[in-house]
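Right, one structure below, let's go through it.
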Ligand code: DC
């Protein structure tokens, strides 16, 4: 049955605007929304909380299987981990980096596969991540690979963090983004790559609304 539920898969590196774009598309279509990165971040957060090393595959898998995650709404305005709200903590660069390190572990990815597929419900799902169109929903009806240059992505992230009042450094942020890209693209398990049948969009010189409209045009041209 789930095969018939439409999926709009949006993959790409961090900072390409996937989060904003995919939430906006879910809202416009009134579809469910999966922030798969938040799931990896939640496991990373639980590992730090419990003193588990990101390389300790067996313990991280146990966490991935046992944590209880609650997403407050289709837009995931609030995320609870084992009953405690962790929305803001999941957004930190530290948490993103640990998430990227645990994401290289094949057994962790496997443990999270069904949790992600369970989001596929009528009337449809917009799924945001790195392997939505390749591994999690290879039969997705609509696929986009959204990217932008590392410099543009670092600058966008820098502005977001400064607006939140955080003390960040653009040079180290650029370095972290490049390092995370390298790790996400070079891992053997589900590396970040353009899925077959995916529309490649480089948002470096585009506004968010242009990207949203380009994505939505796939629904009428597919
Ligand atoms: O999208 P994000 O920055 O919240 O993701 C955090 C990390 O989680 C990212 O660096 C790699 C990993 N991730 C993944 O491997 N597969 C996904 N589908 C989503 C995220």
*Return yes or no: is residue 107 in contact with a helix residue (DSSP H, G or I) (Cβ under 6 Å, 6 or more places away or on another chain), farther than 12 Å from residue 190 by Cα and surrounded by fewer than 21 Cβ atoms within 10 Å (Cβ to Cβ)?*
no
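Identify all residues within the stretch 169-189 that are touching a helix residue (DSSP H, G or I) at 6+ places or on another chain (Cβ under 7 Å) and surrounded by fewer than 17 Cβ atoms within 10 Å (Cβ to Cβ); write none if there are none. Don't jump to the end; show me each part of the working.
Step one: of the stretch 169-189, the residues touching a helix residue (DSSP H, G or I) at 6+ places or on another chain (Cβ under 7 Å) are 170, 173-174, 176-178, 180-181, 183-184, 189.
Across the stretch 169-189, the qualifying residues are 170, 178, 183, 189.
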*Residues of the stretch 29-45 satisfying the condition of being more than 10 Å from the ligand (Cβ to nearest atom), surrounded by fewer than 22 Cβ atoms within 10 Å (Cβ to Cβ) and part of a helix (DSSP H, G or I)*: 29
_Among the numbered criteria (1) near the ligand (Cβ under 10 Å from one of its atoms); (2) in contact (Cβ under 8 Å) with a residue 60 or more places away in the chain, which one does residue 126 miss?_
(1)
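Tell me, which helices (runs of 4 or more DSSP H) lie completely within the stretch 110-222 with 1 or more residues that are under 16 Å from the mean Cα position of the chain (by Cα)?
Because the criterion is at least 1 residues that are under 16 Å from the mean Cα position of the chain (by Cα), the helices (runs of 4 or more DSSP H) in the stretch 110-222 that meet it are 150-163, 170-186.
Residue-by-condition table, conditions (1) touching a residue at least 12 places away in the same chain (Cβ under 8 Å); (2) loosely packed, with under 15 Cβ neighbours inside 10 Å; (3) touching a helix residue (DSSP H, G or I) at 6+ places or on another chain (Cβ under 7 Å):
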position	(1), (2), (3)
61	yes, no, yes
65	yes, yes, yes
69	yes, no, yes
78	no, yes, yes
82	yes, yes, no
87	no, no, no
90	yes, no, yes
97	yes, no, yes
101	yes, no, no
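Take the residues in the stretch 3-27 that are over 20 Å from residue 156 (Cβ atoms) and either in contact with a strand residue (DSSP E or B) (Cβ under 9 Å, 6 or more places away or on another chain) or modelled with pLDDT of 95 or more (or both); name whichever of them is nearest to the ligand (Cβ to nearest atom). First the steps, then the outcome.
Quick first cut of the stretch 3-27, residues over 20 Å from residue 156 (Cβ atoms) only: 3-9, 26-27.
Cutting the leftovers down to either in contact with a strand residue (DSSP E or B) (Cβ under 9 Å, 6 or more places away or on another chain) or modelled with pLDDT of 95 or more (or both) gives us 5-9, 26-27.
Details: 5: 18, 6: 19, 7: 13, 8: 14, 9: 10, 26: 15, 27: 19 Å.
Out of the qualifying residues, it is 9.
Run down 156, 121, 117, 109 and say which single residue is touching a residue at least 12 places away in the same chain (Cβ under 8 Å) and near the ligand (Cβ under 9 Å from one of its atoms).
Numbers: 156 fails: near the ligand (Cβ under 9 Å from one of its atoms); 121 fails: near the ligand (Cβ under 9 Å from one of its atoms); 117 fails: near the ligand (Cβ under 9 Å from one of its atoms).
Answer to the selection: 109.
The values are calculated or read from the model by the stated rules, or taken from the named source; none is laboratory data. Predicted model, so just to flag it, every value in this text is computed and none were measured. When we count neighbours, we look across all protein chains shown, and the Cβ atoms used for this are built from the backbone with ideal geometry, even at glycine.
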